[in-house]
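Encoded as structure tokens, the structure appears first; notes follow it.
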Amino acid sequence: MKALITGASSGLGRDMARELAARGYDLILVARREDRLRLLAAELPVRTEIICADLADAGAVYDLHARVRGEDVAAVVNNAGFGLFGAFSETDLDAELRMLDVNCRAVHILTKLFLRDFKAQNRGCILNVASSAGFMAGPLMATYYATKNYVLRLTQAIREEVRQAGSAVKVSALCPGPVNTEFNQVAHVRFASRGLDSRRVAAYAVDGMLRGRGVMVPGAEMKAVLALRRFAPETLVTRIAYHIQHRKNG
Ligand SMILES: NC(=O)c1ccc[n+]([C@@H]2O[C@H](COP(=O)([O-])OP(=O)(O)OC[C@H]3O[C@@H](n4cnc5c(N)ncnc54)[C@H](OP(=O)(O)O)[C@@H]3O)[C@@H](O)[C@H]2O)c1
């Protein structure tokens, strides 16, 4: 049985690969940095296949699915993604369009194509990595937050469709707050609060995915913040989000 993980060269993706390997899954590791994927593969006690792909390229995303379709893939983790800090009027448009392509379009394509395969087999798990950013608007990281809203809502809706169809396929979303990975360097931010340990979040995510949990929020602190958020008006939440993001300016 194999698991495919996008964004496996670093952070949460790399740690979810380690978790899935510990549970006996052979792995298909996807990212752009081949050297990183090779280092990870060398460390893992299972069979691994490395696929270097830029998921901002829709053609590469279709090719990825076509290449592994005949294999015994039982779990897909759509984890690759990145953020970008700055006022919307100032941030680089091309970088944001690439973000939409990686964070939304690639997730959309892979979720649909693997869901079709899994539904036909009446088995399989799909885990889409959204974020706690998916629950709100994010001034100063507007595009990133919007992409994660997209991933979360898409995943919730598909999960309900699958449930209504009586299918055994499991569809889950992971919504972490800050986690210590390379995310900050890529997005040019620093966290306003202490980040969670990536390996622990990965263990929680893989466990939840295999159990078929729906929306997963790791950590008591973020669970409490999101519960409290329900009682605050949307405009207030957006204002608070602005001030939190402002403190992240790296
Ligand atoms: N860290 C956090 O605080 C946090 C919180 C909530 C959600 N998340 C989400 O968690 C996921 C993983 O991020 P992370 O925190 O682990 O950050 P990370 O350490 O920067 O890892 C991001 C991964 O995505 C891959 N990736 C980025 N662009 C890609 C592209 N064009 N094609 C293929 N792969 C690409 C990177 O691989 P290459 O560069 O080698 O291609 C890397 O493996 C992301 O979706 C992120 O939005 C993170």
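Over the chain, what relative contact order in percent results from Cα pairs under 8 Å that are six or more residues apart?
Once normalised by length, the contact order is 19 percent.
Which pairs break 22 Å Cα to Cα here: K148/K170; K112/K148; K2/K223?
K2/K223
How far, in degrees from 0 to 90, does helix 234-247 lean away from the longest principal axis of the Cα atoms of the chain, to the nearest 10?
For 234-247 against the chain, the angle is about 90 degrees.
Roughly how tilted is helix 142-164, in degrees to the nearest 10 and between 0 and 90, from the longest Cα axis of the chain?
The answer is roughly 50 degrees.
Provide, in order from the shortest bin, the percent of all Cα-Cα pairs of the chain in each 10 Å bin, continuing until the bin that contains the maximum pair distance.
Here the calculated profile for the chain is 7, 33, 38, 18, 4.
Between V61, C125, M222, whose Cα lies farthest towards the positive end of the dipole of the chain when Lys and Arg beta carbons carry +1 and Asp and Glu beta carbons carry -1, centred on the Cα centre?
M222
Order of 216-222, 100-106 by packing, highest average Cβ count within 10 Å first?
In descending order of packing, they fall as 100-106, 216-222.
In 5 Å bins starting at 0, how do the alpha-carbon pair distances of segment 115-217 split up by percent?
P(r) over segment 115-217, rounded to whole percents: 2, 13, 20, 22, 18, 12, 8, 4, 1.
Subtract the Cα-Cα distance of Q121 and R23 from 0.36 nm times their separation in residues, and report this length gain in nm to one decimal.
Answer, rounded to one decimal: 33.1 nm.
When you count, for each residue, the other Cβ atoms within 10 Å and take the mean per peptide, how do 65-74, 4-13 rank with the highest first?
In decreasing order of mean packing, 65-74, 4-13 become 4-13, 65-74.
What FRET efficiency, computed as 1/(1 + (r/R0)^6) with R0 = 30 Å and r the Cβ-Cβ distance, is obtained for D207 and L93, rounded to the nearest 0.05?
With a Förster radius of 30 Å, E is 0.15.
Could you work out the relative contact order of segment 1-91, using alpha carbon pairs under 8 angstrom and six or more residues apart, expressed as a whole percent?
Relative contact order here is 34 percent.
Using the Cα centre as the reference, give the magnitude of the dipole from point charges on the C-beta atoms of segment 15-100 (Lys, Arg: +1; Asp, Glu: -1; all else neutral), rounded to the nearest 20 debye.
For this selection, approximately 320 debye.
Given Cα pairs under 8 Å that are at least 6 residues apart, what percent is the relative contact order of segment 82-146?
Contact order relative to length: 51 percent.
For R32 and R230, what does the FRET efficiency come to when R0 = 35 Å and r is the distance between their Cβ atoms, rounded to the nearest 0.05?
Once the sixth-power term is evaluated, E becomes 0.35.
Magnitude of the Cβ-charge dipole of the chain, K/R +1 and D/E -1, about the Cα centre, nearest 20 debye?
800 debye
Taking only Cα atoms, what is the 0 to 90° angle, nearest 10, from helix 58-68's long axis to the longest principal axis of the chain?
30 degrees
Report the FRET efficiency, 1/(1 + (r/R0)^6), for D197 and Q164, where r is their Cβ-Cβ distance and R0 is 51 Å, rounded to 0.05.
It comes to 0.90.
Every number in this text was worked out from the coordinates using simple rules, so none of it is lab data. Note that the coordinates shown come from a computational prediction; the quantities given were computed from them, not determined experimentally. Neighbour counts run over all protein chains shown; Cβ positions are idealised from the backbone, glycine included.
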